[in-house]
Amino acid sequence: MLVLLPLLLIGWAELAAAHPVDQALSQPLRSPETYEIVREVSQHAQSMQTEDDSSTRLMPRVNTDQDHLKICCLHANILDFYLNNILHHRDNMHASIHRLKTDLNRVSEDLQSHGCNVTHYHDHHHAVEFRRKLDMMEGERGITKAVGEIDILFTYLQDFCVKPKDTSAAAAQ
């Protein structure tokens, strides 16, 4: 039995190497701790919203048929807007906000190092729509609403900011 266990583990390792899963372009996107902080901060902000605010969505829905890197870079642009215009207003909103900002800054830097030119997406209609809806909510309400939707932004980043699978290796099998 003890001889079988290492052989099974070796077999699983080979199977995992033969069928790679998507890898995040930034480590915090796959961190359970970062995910938990995002969830906690988002839920805290949502608990501060009015009922009218909870029926509005700032974060635009995307067409998932587009190139994943383009969707990733669009959301990297929105993340950059969060870091520069939203989260710095909420330094004392939640005990974990400083850790969240650190992790999200790392994500932003990593995505830019992987080729996301966030300024290129500044005028993309989804980024413009997000900023327009935020402005319509005016001040504190809009900031709180945006922080409440940070979980949506993080999910988009997790889903679309991944290294593409090696299609040549998959085709060879």
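When you scan region 91-114, do you find a residue that is surrounded by 15 or more Cβ atoms within 10 Å (Cβ to Cβ) and over 21 Å from Leu29 (Cβ atoms), even just one?
Yes, region 91-114 has at least one match.
Among the residues of region 69-76, are any within 19 Å of Glu36 (Cα to Cα) and modelled with pLDDT of 90 or more?
Within region 69-76, the first condition is being within 19 Å of Glu36 (Cα to Cα), and the residues that meet it are none.
The answer is no; no qualifying residue exists.
Every residue in region 59-93 that is over 15 Å from the mean Cα position of the chain (by Cα), among the polar types (S, T, N, Q) and assigned to a helix (DSSP H, G or I), please.
The answer is Asn84, Asn85.
On the basis of being in contact with a Cys (Cβ under 8 Å, 6 or more places away or on another chain), open to solvent by less than 90 Å² (accessible area, probe 1.4 Å) and farther than 20 Å from Glu40 by Cα, does His75 make the cut? Spell out the reasoning first.
Details: in contact with a Cys (Cβ under 8 Å, 6 or more places away or on another chain): yes; open to solvent by less than 90 Å² (accessible area, probe 1.4 Å): yes; farther than 20 Å from Glu40 by Cα: yes.
Here the answer is yes, as His75 does meet what is asked.
Of everything in region 30-84, what is touching a residue at least 24 places away in the same chain (Cβ under 8 Å) and basic (Lys, Arg)? Give them in sequence order.
Listed by number, the residues that qualify are Arg30, Arg39, Arg57.
Please verify whether region 106-122 includes one or more residues that are more than 16 Å from Val38 (Cα to Cα) and either acidic (Asp, Glu) or touching a strand residue (DSSP E or B) at 6+ places or on another chain (Cβ under 6 Å) (or both).
Our first condition is that a residue be more than 16 Å from Val38 (Cα to Cα); within region 106-122, this holds for 109-122.
Still in the running and either acidic (Asp, Glu) or touching a strand residue (DSSP E or B) at 6+ places or on another chain (Cβ under 6 Å) (or both): 109-110.
Yes, some residue in region 106-122 is more than 16 Å from Val38 (Cα to Cα) and either acidic (Asp, Glu) or touching a strand residue (DSSP E or B) at 6+ places or on another chain (Cβ under 6 Å) (or both).
Within region 15-52, restricting attention to residues that are over 28 Å from His114 (Cβ atoms) and either in a helix (DSSP H, G or I) or at pLDDT below 75 (or both), which residue is most open to solvent (accessible area, probe 1.4 Å)?
Step one: of region 15-52, the residues over 28 Å from His114 (Cβ atoms) are 43-52.
Now restrict to residues that are either in a helix (DSSP H, G or I) or at pLDDT below 75 (or both): 43-47, 51-52.
Details: Gln43: 95, His44: 67, Ala45: 0, Gln46: 79, Ser47: 89, Glu51: 157, Asp52: 118 Å².
Looking at residues that are over 28 Å from His114 (Cβ atoms) and either in a helix (DSSP H, G or I) or at pLDDT below 75 (or both), I get Glu51.
The values are calculated or read from the model by the stated rules, or taken from the named source; none is laboratory data. Just so it is clear, the structure is predicted and the values come from calculations on it, not from any experiment. Positions of Cβ are backbone-derived with ideal geometry, glycine not excepted, and every protein chain shown enters the neighbour counts. All accessible areas refer to the heavy atoms of the entire protein, side chains included, with ligands and DNA or RNA removed. Shrake-Rupley method; radii C 1.70, N 1.55, O 1.52, S 1.80 Å.
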